Amino acid sequence: MACQEVGPGYKSPLDAMRNAPREKIVYVPCIRRNTATTGPDYLATVDIDPHSKNYCKVIHRLDMPYLGDELHHTGWNACSSCYDDPTKKRNRLVMPSLMSTRIYIVDTDTDPVQPKIYKIVEPEEVYQKTGLGNPHTAHCLANGQVMISCLGDPKGNAKGGFVILDGCCDFAVQGNWEKPGNTTEFGYDFWYQPKFNVMISSQWGTPKVLMNGFNPEDYEKGHYGHSINVWDWDNHILKQTIDLGKVEGAIPLEVRFMHNPDRPEGFVGCALSTNVFRFYRTERGDWAAEKVIDVPSKKVQGWALPEMPGLITDILLSMDDRFLYFSNWLHGDIRQYDVTDTRNPKLVGQVWLNGSICKDGPVKVLEDKELKEQPEPLYMNGKRVHGAPQMIQLSLDGKRLYVTTSLYSGWDKQFYPDMVEHGSKMLQIDVDTEKGGLTLNRAFLVDFGQEPGGPSLAHEIRYPGGDCTSDIYLSTTMGKL
């Protein structure tokens, strides 16, 4: 019997976890804005195959043709949401530029190791057709379109909305996803789940305010968000805005639905308050949120404020929805929680990867509700690792967690100037998938301070075949979770 033709990705999260091949290369946007290097941003292809002679090396660099784009997050033209459509193929990486609003479409199919630019969507097309700017998260849709969230309007004012590209043909801007009158105060990340006719989006801040650094007074002035938005997926309208609280829910960033499409719940990490909220559908059919993880701030001396938050900047779920991971970019640790009971997560793994409270730094911790002493600085191959864990990506089998240290060049320059000077790093953490636990793999280091064009700031990590944050699953063929 002939095999049934299928589309890209995997039929279910568990199919990906059990049957995906080990990752061998990854794509990493590298930023030169706010560094001493005058060149453009570029897409790095990094060899992460331990059997390769080029292990832990950048094996290709695709330079962008413009300066100052600020590449940030990336997404695919097609993913596992298109699994049932054999006409779809994952062959274009969509790379929005956070500052220039330019959107690069990259051909990863002709030569996966040496991708090339397929098309450039210029900012004027985005501005004219949508009234939006500062694009952030890109997700493919099951119908072949690509949807990109935006933070602002063409002038850098706060305005949350979504751009639709024709992912089947020429990647032209088709317009807004949301119906007129349904933009939100702020924009950032999003995740959709058609089975429950819902999309959840989050809030960062006003682009022209946050672009050069963070001032706590700007939060008090209302330039940053503390709510999540609930959308009617079918009708493209805003149904609810859930206020997480100005104190407890400050700056909700990454949104992660459970991978299992039968589960109407997920998590969002609130950066400034360093809390994780669980969002869920109630028995009434509307949506609510509750705080389930609270990382205490540390009373400090020698820093900008008397208390230092952890600053949760990235979170993700393992493909079996058992473990939740997140990074505390200021404190400097990555945490692993067992979320079998989503209302009561249990901390089962933690690893420190530099940060702002190391023993040899200028900050003295005066009161710490978690640590008895300040952590040691991190050295790899005899070199100090500057910065702290930021973007994370988990192998589909859940055994390896990859980490980069750059958040956003304007904030990197403010909080970790040594990293901007010396370049960011990419690290790898070994994961205990049975009992929980995290261990730094000291044999793995990608040093973006040694790049031929000068130090760069590496950001998000993408696998060519899809990963834990790129693909959204629609199938209910889950197996037992």
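The values are calculated or read from the model by the stated rules, or taken from the named source; none is laboratory data. It should be emphasised that the depicted structure is a prediction, and the values quoted were computed from it without experimental measurement. Heads up, the Cβs are rebuilt from the backbone with ideal geometry, glycines too, and the neighbour counts pull from every protein chain shown. Ligands, DNA and RNA are excluded from the accessible area calculation, which covers all protein heavy atoms including side chains. Shrake-Rupley method; radii C 1.70, N 1.55, O 1.52, S 1.80 Å.
Could you check, for region 443-451, whether at least one of its residues is more than 27 Å from Glu70 (Cβ to Cβ) and not aromatic (Phe, Trp, Tyr)?
Within region 443-451 (the criterion being more than 27 Å from Glu70 (Cβ to Cβ) and not aromatic (Phe, Trp, Tyr)), the answer is yes, since at least one residue qualifies.
Identify the residue in region 81-95 that is open to solvent by less than 10 Å² (accessible area, probe 1.4 Å) and in contact with a Ser or Thr (Cβ under 8 Å, 6 or more places away or on another chain) and, among all such residues, is nearest to Tyr27 (Cα to Cα).
Applying the filter and picking the extreme gives Leu93.
In the set Tyr66, Tyr42, Tyr27, which member is out of contact with any Cys (no Cβ under 7 Å at 6 or more places or on another chain), of a type outside the set (Val, Ile, Thr) and in contact (Cβ under 8 Å) with a residue 60 or more places away in the chain?
Step by step, each of Tyr66, Tyr42, Tyr27 is checked, and only Tyr27 is out of contact with any Cys (no Cβ under 7 Å at 6 or more places or on another chain), of a type outside the set (Val, Ile, Thr) and in contact (Cβ under 8 Å) with a residue 60 or more places away in the chain.
Give the number of residues within region 290-323 that are touching a residue at least 60 places away in the same chain (Cβ under 8 Å), part of a strand (DSSP E or B) and open to solvent by less than 30 Å² (accessible area, probe 1.4 Å).
So the answer is 8.
If a residue has to be within 21 Å of the chain's Cα centre (by Cα) and open to solvent by less than 30 Å² (accessible area, probe 1.4 Å) to count, how many in region 26-40 make the cut?
Selection size over region 26-40: 7.
Are there any pairs, at least 6 apart or on different chains, whose C-beta atoms fall under 8 Å, with the first in region 230-242 and closer than 15 Å to Gly160 by Cα and the second open to solvent by 50 Å² or more (accessible area, probe 1.4 Å), and if so, which?
Filtered contacts from region 230-242: Val230/Leu238; Val230/Lys239; Val230/Thr241; Trp231/Ile237; Trp231/Leu238; Trp231/Lys239; His236/Lys179; Ile237/Lys179.
Can you name the condition, by its number, that Val230 falls short on among (1) modelled with pLDDT of 95 or more; (2) open to solvent by 10 Å² or more (accessible area, probe 1.4 Å)?
Checking Val230 against (1) modelled with pLDDT of 95 or more; (2) open to solvent by 10 Å² or more (accessible area, probe 1.4 Å), the one that fails is (2).
Which count do you get for residues in region 245-265 that are at positive phi and among the small types (Gly, Ala, Ser)?
Count: 1.
Report the residue count in region 1-44 for those that are part of a strand (DSSP E or B) and either hydrophobic (A, V, I, L, M, F, W, C) or touching a Phe, Trp or Tyr at 6+ places or on another chain (Cβ under 6 Å) (or both).
7
Kindly establish whether Leu67 is closer than 22 Å to Asn212 by Cα, surrounded by fewer than 23 Cβ atoms within 10 Å (Cβ to Cβ) and among the hydrophobic types (A, V, I, L, M, F, W, C).
Answer is yes for this residue.
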